[in-house]
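The values are calculated or read from the model by the stated rules, or taken from the named source; none is laboratory data. None of the values given here were measured: they were computed from a predicted structure. When we count neighbours, we look across all protein chains shown, and the Cβ atoms used for this are built from the backbone with ideal geometry, even at glycine. Surface accessibility is based on the protein's heavy atoms, side chains included, excluding ligands, DNA and RNA. Shrake-Rupley method; radii C 1.70, N 1.55, O 1.52, S 1.80 Å.
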Amino acid sequence: MRNEPTPMITIANFPNDLETEILARVPAKSLSQLKTTCKRWYTLFKDPKFVEKNKKMSSKSARETMLLNNHEVYSIAGDLHNSSSRVIESSPLDFTGKLSKDLKLYAMYHCDGLMLCVANGSVAVWNPCTGQRKIIKPRTRYHRTDTFALGYDSRRSYKILRCGYNRNAEKKIAVECEMYDLGSASWRVLDSWTLDYGMYCSGVSLRGDTYFVAGDKEMGFFLMKFDFTAERFVRLPLPFQSFDPEDTAVLSVVRDEKLSVCHQNIHTWSDVMRIWVTNKVEEEGKELTWRKDFVLSVDFAKFKLPCLSNVSSFLLDEEKKVAVCCEIFDEEMKGEDRTKIYIVGEDMYKQVYKDETVNASLLSCPLVLTYVPSLVCIH
């Protein structure tokens, strides 16, 4: 008796629920290339519930790294949050391509796989995974001194915050805030007030809200959070106190779960850098608490570097207690600023990248970040 051939099982034979479970585990970058396979998949990959499920189920293996440097955006192989030890033991950073194409950026803000790109006189939202890009036209006009943030509210509606600065009748600096809703493609004015503090670093997004380091003469440095659901600013404490406006304080996000801050007392020519990290923020709306049992303290003097280090962005590997730091340096003090990236711990320092090109603008600081590619649709 002849054996009958076993029927071939194809993806079309799978129940829809099983098919969705399988696809949710596939990295978003791969799914983006499959969206035209069939109408069902094209519709599924645009479903916000599937997009969120895919981000949670594939995020551990899908994280990528990019660098904004000299107005260009470059992809770097691997996840520098995970691969710092690999980079230490092997070769310098592996740059895998230029992502920015015709975008000449001086600032970039990340939220949930989306990038808010700020160029000279223009703003765009860009999804590097899907290639989608949307130019955001201003309500009136943009200014070079504007502060921007990208976030989302409790309904997962993506929004852009713009803070513009000008001098009022009393010749004091006033700030006007306005909000752009990506869903309705419209601007609206939020509020206006006299500014009594300064912003000391670009904002970073965590769980939909954006955090800045700010400060004034009375309180010194503090953490400023913009809540995209309540649409208001909230002052929060930092794990250190400083009243010197020349100090450097930079924020970073650890695996989309925690906030980290790097502090340097540059004004006193101190070679010491300290990094703190918060406890895990489980959900939107929860306040931050700083870990009392963790601080990465680095004395750069022991490495005998040719010039003072001044970190502009960083990534913290909390488990290994090392940081990937990015900064502008002028080794020969000739006014020729260049970008370098290095990995540093309490007892180790290794440079992994040095740009040979002089930075085109002092207004554009280099930024290194990791992100999880996402299928989030830009309306």
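Once amide H atoms are placed 1.01 Å from N in the peptide plane, what residues at a sequence separation of 5 or more from Gly78, or on another chain, have their amide H within under 5 Å of its amide H?
Thr65
About its Cα centre, what dipole magnitude does segment 214-260 give when the only charges are +1 on Lys and Arg Cβ and -1 on Asp and Glu Cβ, stated in debye to the nearest 20?
In debye, rounded to 20, segment 214-260 gives about 180.
Could you name the lysines whose alpha carbon sits less than 19 Å from that of Lys292, not counting residues in the same chain fewer than 8 places away?
Lys258, Lys280, Lys320, Lys321
Give Lys49/Lys225; Lys49/Lys104; Lys225/Lys350; Lys46/Lys98 a once-over and call out the pairs whose C-alpha atoms are over 32 Å from each other.
Lys49/Lys104; Lys225/Lys350
Kindly report the accessible area of the chain per residue (heavy atoms of protein chains, probe 1.4 Å, no ligands, DNA or RNA), in Å².
Counting only protein heavy atoms, the per-residue value for the chain is 51 Å².
Over all pairs of distinct alpha carbons, what does the Kirkwood formula give as the hydrodynamic radius of the chain, in Å?
After inverting the pairwise mean of 1/r, the radius is 22.3 Å.
Could I get the Rg over Rh figure for segment 109-229? Both from C-alpha atoms, Rh via Kirkwood, rounded to two places.
0.97
Could you tell me what percent of the accessible area of the chain is made up of carbon and sulfur, with a 1.4 Å probe and every protein chain present?
The computed percentage sits at 51.
Using the alpha-carbon atoms, what tilt in degrees (0 to 90, nearest 10) does helix 48-62 show relative to the longest principal axis of the chain?
It is inclined by approximately 70 degrees.
Taking only Cα atoms of segment 197-281, what ratio of Rg to Rh do you get with Rh as the Kirkwood inverse-distance radius?
A ratio of 0.97.
Rank-order 168-179, 206-217, 343-354, 153-164 by packing density, defined as the average count of other C-beta atoms within 10 Å over each peptide's residues, highest first.
206-217, 153-164, 343-354, 168-179
Enumerate the amide H contacts of Ser312 below 5 Å, restricted to partners 5 or more residues apart or on another chain; note that Pro and chain-start residues carry no placed amide H.
Cys326, Glu327, Ile328
Which value, to two decimals, describes the C-alpha radius of gyration of segment 166-209 once divided by 2.2 N^0.38 Å?
Dividing the Cα Rg of segment 166-209 by 2.2 N^0.38 Å gives 1.48.
Restricting to DSSP H runs of at least four residues, report the calculated mean residue ellipticity at 222 nm for the chain, -39500 (n - 2.57) per run over all residues, nearest 500 deg cm²/dmol.
My calculation for the chain gives -3000 deg cm²/dmol from helical runs alone.
Ranking request for peptides 221-227, 38-44, 108-114: highest mean number of other beta-carbon atoms within 10 Å first, then the rest in descending order.
108-114, 221-227, 38-44
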